[in-house]
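Just below is one structure, and these are the notes that go with it.
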Amino acid sequence: MVTDPFMAAFSRFSIEASARQWHALAERRVAAYLDMYRSGRWRHYYASQEEFAARMLDVIKVAKAFQQISGGPAPVLPDIQDVFREAA
């Protein structure tokens, strides 16, 4: 347990800064998956659209979780059904 007020504030700041960085990375990952889907590149890496959709759901869930942890602004994350409907 940290008893020094300076160290406690520094520790809290470090955790919050780290969470914001992970949140930003998770949002970039969502953007990369959206780009992969829209360009059709996902076919090079996944055997089926269902497999890709399952992975993309995981990516979106992680981004939402880091958003909650970081306390940052709500991300503009797509609903997976909207993404696939948009492409059809």
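The values are calculated or read from the model by the stated rules, or taken from the named source; none is laboratory data. Values in this document were obtained by computation on a predicted structure and should not be read as measured data. Don't worry about glycine lacking a Cβ; one is built from the backbone with ideal geometry, like all the others, and counts go over all protein chains shown.
Summary of computed values
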{"read-out": "Those residues of the range 21-49 which are more than 9 Å from the chain's Cα centre (by Cα), of a type in the set (A, V, I, L, M) and under 13 Å from A63 (Cβ atoms), in sequence order", "value": "A32, L34"}
{"read-out": "Restricting the range 43-88 to residues that are aromatic (F, W, Y) and assigned to a helix (DSSP H, G or I), the residue that is modelled with the lowest pLDDT", "value": "F84"}
{"read-out": "Residue check for A32: exposed (fewer than 15 other Cβ atoms within 10 Å of the Cβ) and not β-branched (V, I, T)", "value": "yes"}
{"read-out": "Close pairs (8 angstrom Cβ cut-off, 6 or more residues apart or separate chains): closer than 9 Å to S70 by Cβ and of a type in the set (K, R) in the range 15-27, modelled with pLDDT under 90 and part of a helix (DSSP H, G or I) anywhere", "value": "R20/S70"}
